Amino acid sequence: MSDSSQAEPLVPELTRDVVLKVARLARLHLAESEVESFTSQLTQILDYVGVLDEADTEGVEPVAGAMGLNSVLREDLPTTSLSRDDALSGAPHHDGSYFLVPPILDPRAE
Amino acid sequence: MATALESSATLLDQLTDGQTTSLRLTQDCLDRIAAHDTAIGAFLHVDSEPALAAAAAIDRRREAGEPLGLLAGLPVAVKDVLATRGQPTTCASRMLQGWVPPYDAHVVERLRRADAVLIGKTNMDEFAMGSTTENSAFGPTRTPWRLDCAAGGSSGGSAAAVAAGMAPLAVGSDTGGSIRQPASFCGVVGLKPTYGRVSRYGLVAFASSLDQVGPFSGDVRGAALLLEVLADHDPRDATCADEPVPAYRDQLERPLDALRVGICRDHFTEGLDKDVDEAVEAAIDVYRRLGAEIHDIQLPHARFAVACYYLVAPSEASSNLARYDGVHYGARSDDYDGLVDMYCRSRGEAFGAEVKRRIMLGTYALSAGYYDAFYLKAQKVRRLIQQDYQQAFTSVDVIASPVAPTPAIPLGSLVSDPLQMYLADTYTISANLAGLPGLSLPAGFSDDGRPIGLQLLAPPFQESRLLQAAAMHERETQWHLRRPPLAEDSS
Amino acid sequence: MTAPCSPATTIIGLEVHVQLLTETKIFCGCLNRFNPEEPNVQTCPVCLGLPGALPVMNRRALELAIRAGLALSGTIAGTTKWDRKQYYYPDLPKAYQISQFDLPFCDGGWMDVDDADDGDETQASRIRLIRVHLEEDAGKNLHDETQRGRDSRIDLNRAGTPLLEIVSEPDLRSAAQSRRYLEEMRLLMVYLGVSDCNMQEGSLRCDANINLELVNDDGVAIRTPIVEIKNLNSFRGVEAALEYEIGRQRQEFAECGGVYADSEKQTRGWDADRGVTFAQRGKEDAADYRYFPDPDLVPVQIAAEWIEELRTGLCELPAARRQRLVDDLKLSRYDASVIIDQGRDLADYFEAVAQRCGDPKRAANWVTQDVLRELNDRGQAIGDFAIDADGLAAILARIASGDLTTRSAREVFTALLDDDPEGEQVTVEARIDEIISDRGLATIADSGALEPLIDAVIERNPQAAADFRGGKQAAIGKLIGEVMREAKGADPQSVRAALIERLSS
Ligand SMILES: [Mg+2]
Ligand SMILES: [Zn+2]
């Protein structure tokens, strides 16, 4: 990037391994054909976004969120919660009281 | 007999006069949907019975002399990206197939309170990611003008519904052009309000810092009317501005004195279609004839807009769409081995290719080590793009440009080339990056009869100016009165 | 476990999570209430992370957080913002936690922790803080304990409740000190009214980072890889887990001679039943949280006036109050700590008693011994204690005036405690008078009143009287005891003197 003094490219080549690693991070199971097409398409797109290197952003504040708004706070007042049935209504698997997921064997391991 | 092909103002008059009823109007819309939507694919869900019941109830209240809301019985179609209590909300994704939200989006509440008749949920690119509505998991939407061409996207269904007279008004959302571009492809008016003008509460997020809800209508007045209903301050959306909402319709007839129209010709790309170029020039001539000053302006960072957008939007999307993991709502794979595999398979199976592509891109851009190079860099460039517009608006009142490089494109022509698809957003995405209001209005047709839109941009919260400027053009050209052959045949 | 090598430095840093006492959750209006009996009834589109729902920051949560930050001597930021910390877990419905990354609302700060539990020579160690930030809590997972592979259950009542995360520098040097730090933190948060810190309900939890600096056979100092022990939720747990981990790291060091195959930070859990830590996440899945600013929330400017207002509104903090009891009321450091560590209500009670009876030392003895014993026995909080500060002060005042002996005062104290609270309402002074007269506890200062009693006792115990007269000093004990039993308000010294006088005459 132009506002960085580092000479070596900051972004490594998007290899198949990187694609698989990112897919894992994003919890996406990809078919073999997707791994291939994403590797080439993402490479192409990342190549293209490299044009940003040409923008001089020295000393420029990044935009974060809504323009000009700040300090939007709400008062600590209760609102009506959903019924349990409504809360669970969209769940693919529940027992009427809880959402159910495959056993978590190793707490926080994943 | 009144049909949804009439303008919303005419329909409201007829409803008030008793020349028609909401029930008849709603039934007419449902008939048109039944007749044409198999071919067009504008709706994912038609809420026939509840819509007719709501229409009848509004008619009764009208007869009883009760006060009615601004929309007083007009059918409105809602993009399937907005949560509707009791009606399915799928975002055109298998991930949310069958999901019925237990709550209404803020704008849906506003529509109900304004006595709109919610007629159904419209088709879109999956999770609003796309420019043709071909990324819908449930089939594409075609522009009613040419059934071999896309309606545009991602709000293709809403645009097509209005163009085909299936609803006089529709609501869409715009993250990088998703209202304006389909409005252009379908020959209707579409308005993306200033970021923060309309509450995003209940708008299923694609890219939170870019998404805005806005109106579709056959004419400028209808867009002004619907915006009056949609816009307000909602404390449930921290990014929603506490700005007064003007009565947009009141100023509409008044031409803007000494209007200054800016053009950034540097930004007109090589790929610009000849017919589009001519239509835009013709529109500028219209303004010139009306006494406007035309100024050439500079937007030095406009060339970075697509790159900037395709980092910011996928980054936010990768985060916003992480919640679809098959636990609390949405699809869960039938076949998995343990929790992590359940996540991966549920997401891998239920998301379409474009959604996965953007999740991958965004996840990569935010992952350890690349945040500064990608997301942060893009947010800095975004600041520069904003500043370009601030600068430009010191010397002009509105900025005119094409909406898209081409009229409606043939189905299938870009699906296999995502980068080319992204590049086609070049005229619309800056408004989202800079948070500006933008409007697309009918400005002519290609030689082969596909509609062409003109885009106008204005400074933040100047929707009124945008609508006034658009109305000037509309009165002069009357492009908006043309109807797609399909719809005319049937009525 | 044995310690095969020394000397060693233990390096511990704690990340303490404190649930804030707001009425509602941090980003929505659902109640912030512990309610495991009714799962999934305190949720809404926002805290369920339903598509389309948006968070809005709770002002009160930020206010309580700033109060805590100020009490910890941190620097409150002028601008703070919210970031998304992204990871998948079923109790985290959005698959990201709204937290604070690079602009926490509070930077730095410290807390002083006494080095030892007793003695007046106690030194304090200053434990520096890196930062304090706000974040939302996750829901709760209920795992199948039968190991039969049944589904885990998820309750989202807790999802989105406000949490304060207090991150210390690695300044702690022992498991015991870490426990004291945590205890002092709990005391402070409860004092401030920022949290109830109910550990059974999980309102105070902590993660501990620990490693050791050990010297290998070549005399080279080597640091063991850092281990993060997750989710410690009791004081005993923190101390025991760290003790265990110190032993484990020493053992490992001894075995590998300080040459580690993998020097990456490791995450371990604490199995309280087995008393061991166990490895959790492998390094191949090292967390990549992909933090970025939450675009649904806007930055918050914290006005200097607001900070000042909150600073002015802070109560006297436990450490300062402890010091004041030592400096002004001349209590021992030990007594002051016992009183302060019990919490604000007991300290208030003590100070009221001390002031009203005019003898802080005596008040401290009674509060730390008699009152605390009774509270423990009865499982009561001071607010529910039958003898209020006026009552205890009245009793103590009568000791000071000589109207009651200490022993009789204890009897009055016990009698007052056993009073039927439904009984007729009389002033505590009147009740004390009544007990004294009912039980004949008035001090018998007039030795004349003792004479007939002494005569009767000597008459009944001729052998003991003879023994004493014969030079057997110890024999007088029996006589004193008998006189005391009959003359309840008598002072043992006067009885002894009167007996000696009578027997010698
Ligand atoms: Mg944390
Ligand atoms: Zn909630």
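Of all residue pairs spaced 6 or more apart or on separate chains, those with beta-carbon atoms under 6 Å, a first member in the stretch C:38-61 that is facing chain A (nearest Cβ under 7 Å) and over 12 Å from C:Gly160 (Cα atoms) and a second member that is within 11 Å of ligand 2 (Cβ to nearest atom) and in a helix (DSSP H, G or I) are C:Asn40/A:Ala87. Taken residue by residue, the stretch C:171-194 has no member that is in a strand (DSSP E or B), within 16 Å of ligand 1 (Cβ to nearest atom) and in contact (Cβ under 8 Å) with a residue 24 or more places away in the chain.
All told, B:Lys380 meets the bar of being within 9 Å of chain A (Cβ to nearest Cβ) and within 21 Å of C:Phe101 (Cβ to Cβ).
Within the option set C:Asn216, C:Asn157, C:Asn141, C:Asn198, being surrounded by fewer than 23 Cβ atoms within 10 Å (Cβ to Cβ), more than 21 Å from the chain's Cα centre (by Cα) and in the same structural domain as C:Ile76 (by TED's automatic domain parsing) holds for one residue only, C:Asn141.
For every residue, the table says whether it meets (1) of a type outside the set (D, E, K, R); (2) assigned to a helix (DSSP H, G or I); (3) more than 7 Å from chain A (Cβ to nearest Cβ); (4) closer than 24 Å to B:Ser154 by Cβ.
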residue: B:Ala317; (1), (2), (3), (4): yes, yes, yes, yes
residue: B:Asp334; (1), (2), (3), (4): no, no, yes, no
residue: B:Ile359; (1), (2), (3), (4): yes, yes, no, yes
residue: B:Ala365; (1), (2), (3), (4): yes, yes, yes, yes
residue: B:Ala368; (1), (2), (3), (4): yes, no, yes, no
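When B:Tyr309 is tested against the conditions (1) open to solvent by less than 10 Å² (accessible area, probe 1.4 Å); (2) under 30 Å from C:Leu156 (Cα atoms); (3) among the hydroxyl-bearing types (Ser, Thr, Tyr), the lone failure is (2).
Name the residues in the stretch B:441-467 that are surrounded by 24 or more Cβ atoms within 10 Å (Cβ to Cβ) and closer than 13 Å to B:Ala224 by Cα, would you?
Residues satisfying the conditions are B:Leu441, B:Glu463, B:Leu466, B:Leu467.
The residues of the stretch C:127-139 that are in a strand (DSSP E or B), within 16 Å of ligand 1 (Cβ to nearest atom) and touching an Asp or Glu at 6+ places or on another chain (Cβ under 8 Å), listed by number, are C:Leu129, C:Ile130, C:Arg131, C:Val132, C:His133, C:Leu134, C:Glu135. If you go through the stretch C:93-105 and pick out every residue that is more than 9 Å from every other protein chain (Cβ to nearest Cβ), within 16 Å of ligand 2 (Cβ to nearest atom) and open to solvent by less than 10 Å² (accessible area, probe 1.4 Å), you end up with 1.
The set of residues from the stretch B:254-291 being crowded, with 19+ Cβ neighbours inside 10 Å and over 15 Å from B:Ala443 (Cβ atoms) comprises B:Leu256, B:Leu259, B:Gly262, B:Cys264, B:His267.
Number of residues in the stretch C:11-21 that are within 16 Å of ligand 2 (Cβ to nearest atom) and open to solvent by 10 Å² or more (accessible area, probe 1.4 Å) equals 1.
Checked against (1) under 11 Å from B:Gly120 (Cα atoms); (2) in a helix (DSSP H, G or I), B:Asp31 passes all but condition (1).
Where helices (runs of 4 or more DSSP H) fall entirely within the stretch A:16-110, those with at least 3 residues that are of a type outside the set (Phe, Trp, Tyr) and facing chain C (nearest Cβ under 7 Å) are at A:84-88. Within the stretch C:61-81, the residues that satisfy the criterion of being open to solvent by 10 Å² or more (accessible area, probe 1.4 Å) and outside any helix (DSSP H, G or I) are C:Ser73, C:Gly74, C:Thr75, C:Ile76, C:Ala77, C:Gly78, C:Thr79, C:Lys81. The set of residues in the stretch B:46-60 that are buried (at least 17 other Cβ atoms within 10 Å of the Cβ), in contact (Cβ under 8 Å) with a residue 40 or more places away in the chain and not small (Gly, Ala, Ser) comprises B:Val46, B:Asp47, B:Ile58.
Being outside any loop (DSSP other than H, G, I, E, B), touching a Lys or Arg at 6+ places or on another chain (Cβ under 6 Å) and either away from ligand 1 (no atom under 16 Å from the Cβ) or farther than 21 Å from C:Met189 by Cα (or both) is the filter here, so list the residues in the stretch C:10-57 that pass it.
The one that is outside any loop (DSSP other than H, G, I, E, B), touching a Lys or Arg at 6+ places or on another chain (Cβ under 6 Å) and either away from ligand 1 (no atom under 16 Å from the Cβ) or farther than 21 Å from C:Met189 by Cα (or both): C:Thr10.
Residues that are hydrophobic (A, V, I, L, M, F, W, C), open to solvent by less than 10 Å² (accessible area, probe 1.4 Å) and in a helix (DSSP H, G or I): does the stretch B:163-178 have at least one? Yes, because at least one residue in the stretch B:163-178 is hydrophobic (A, V, I, L, M, F, W, C), open to solvent by less than 10 Å² (accessible area, probe 1.4 Å) and in a helix (DSSP H, G or I).
Of all residues in the stretch C:123-134, those that are open to solvent by 50 Å² or more (accessible area, probe 1.4 Å) have Cβ atoms under 8 Å from Cβ atoms of residues that are of a type in the set (S, T, N, Q) and modelled with pLDDT of 95 or more, 6 or more apart or on another chain, in C:Arg128/C:Ser168; C:Ile130/C:Ser168. Selection over the stretch C:83-92 of residues that are open to solvent by less than 10 Å² (accessible area, probe 1.4 Å) and either more than 16 Å from ligand 2 (Cβ to nearest atom) or free of Cβ contacts under 8 Å to residues at least 60 places away in the same chain (or both) gives a count of 5.
Consider B:Ser184 carefully, then state whether it is assigned to a loop (DSSP other than H, G, I, E, B), over 24 Å from C:Cys47 (Cβ atoms) and modelled with pLDDT of 95 or more. Judged against the criteria, B:Ser184 is not a match.
Yes or no: the stretch C:83-92 includes at least one residue that is in contact with a Leu (Cβ under 9 Å, 6 or more places away or on another chain) and either over 30 Å from A:Arg27 (Cβ atoms) or in the same structural domain as C:Lys330 (by TED's automatic domain parsing) (or both). No, there is no match, as no residue in the stretch C:83-92 is in contact with a Leu (Cβ under 9 Å, 6 or more places away or on another chain) and either over 30 Å from A:Arg27 (Cβ atoms) or in the same structural domain as C:Lys330 (by TED's automatic domain parsing) (or both). Looking at the stretch C:293-307, can you tell me whether even one residue there is surrounded by fewer than 12 Cβ atoms within 10 Å (Cβ to Cβ) and more than 14 Å from every other protein chain (Cβ to nearest Cβ)? No, every residue in the stretch C:293-307 fails to be surrounded by fewer than 12 Cβ atoms within 10 Å (Cβ to Cβ) and more than 14 Å from every other protein chain (Cβ to nearest Cβ). Exactly one residue out of B:Asp397, B:Asp417 is facing chain A (nearest Cβ under 9 Å) and open to solvent by 20 Å² or more (accessible area, probe 1.4 Å): that is B:Asp417. Entry remark, the stretch C:354-385: residues being part of a helix (DSSP H, G or I) and within 14 Å of C:Thr406 (Cβ to Cβ) number 8 in total.
Listed here are the residues, each with its yes/no results for (1) closer than 20 Å to B:Leu23 by Cβ; (2) within 20 Å of the chain's Cα centre (by Cα).
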site: B:Thr38; (1), (2): no, no
site: B:Arg62; (1), (2): yes, no
site: B:Pro75; (1), (2): yes, yes
site: B:Gly98; (1), (2): no, no
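Checking the structure you have, find out if any residue of the stretch B:295-303 is within 14 Å of chain A (Cβ to nearest Cβ), in contact (Cβ under 8 Å) with a residue 12 or more places away in the chain and either part of a helix (DSSP H, G or I) or within 22 Å of the chain's Cα centre (by Cα) (or both). Checked against the condition, which is being within 14 Å of chain A (Cβ to nearest Cβ), in contact (Cβ under 8 Å) with a residue 12 or more places away in the chain and either part of a helix (DSSP H, G or I) or within 22 Å of the chain's Cα centre (by Cα) (or both), the stretch B:295-303 yields at least one hit.
Is it the case, given these coordinates, that B:Ser158 is part of a loop (DSSP other than H, G, I, E, B) and either surrounded by fewer than 24 Cβ atoms within 10 Å (Cβ to Cβ) or touching a Gly at 6+ places or on another chain (Cβ under 6 Å) (or both)?
no
The values are calculated or read from the model by the stated rules, or taken from the named source; none is laboratory data. This structure is a prediction, so every number in the text was calculated from the model and none was measured. Note: ideal-geometry Cβ built from the backbone for every residue, glycine included; neighbour counts use all protein chains shown. Side chains are part of the model used for accessible areas, which takes the heavy atoms of the whole protein and leaves out ligands, DNA and RNA. Shrake-Rupley method; radii C 1.70, N 1.55, O 1.52, S 1.80 Å.
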